[in-house]
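The values are calculated or read from the model by the stated rules, or taken from the named source; none is laboratory data. Model, not experiment: these values are computed from the prediction. Ideal geometry is used to build each Cβ from the backbone, glycine not excepted, and the neighbour counts take in all protein chains shown.
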Amino acid sequence: MAKRHEVTPLEKEIILKVYHYFTREKKEGRSNGVETRMRVMEATGFSKNTVASVWKAYNENNEVVFVAVGICAAAPG
């Protein structure tokens with residue numbers, strides 16, 4: 001049986017950024033009636049449950065930071 005993928009802090013940040021983007025789109029009337037979580041799921045490839053659990057964690061403490069600020073891996077070159 002395959003081991004479940006544990007969502008990394010960076011992946012959680014991406015989910016939140018995409019969620020915020022689609023929330024703004026919805027407020028501006030550009031969601032075409034599609035639920036925000038479904039749009040995030042389609043854009044990121046994560047399940048609806050994963051998106052919901054990351055969003056729930058953020059809502060419980062919206063000061064949560066999943067990724068350390070200023071840390072970036074340099075591209076090989």
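Details
- Residue list for the range 3-35, restricted to those being among the basic types (Lys, Arg) and in a helix (DSSP H, G or I): 12, 17, 24, 26, 27
- If the condition is being assigned to a helix (DSSP H, G or I) and either surrounded by fewer than 12 Cβ atoms within 10 Å (Cβ to Cβ) or of a type in the set (D, E, K, R) (or both), then the range 44-55 contributes 48, 49.
- Test for residue 4: is it among the charged types (D, E, K, R), surrounded by fewer than 11 Cβ atoms within 10 Å (Cβ to Cβ) and either modelled with pLDDT under 90 or touching an Asp or Glu at 6+ places or on another chain (Cβ under 8 Å) (or both): yes
- Close pairs (7 angstrom Cβ cut-off, 6 or more residues apart or separate chains): at negative phi and among the small types (Gly, Ala, Ser) in the range 51-63, modelled with pLDDT of 90 or more and surrounded by 10 or more Cβ atoms within 10 Å (Cβ to Cβ) anywhere: 52/37
- Evaluation of residue 28 against (1) at pLDDT 90 or above; (2) touching a helix residue (DSSP H, G or I) at 6+ places or on another chain (Cβ under 9 Å) (one fails), failing number: (2)
- Residue in the range 36-43 that is surrounded by 11 or more Cβ atoms within 10 Å (Cβ to Cβ), out of contact with any Gly (no Cβ under 7 Å at 6 or more places or on another chain), assigned to a loop (DSSP other than H, G, I, E, B) and modelled with pLDDT of 95 or more present: no
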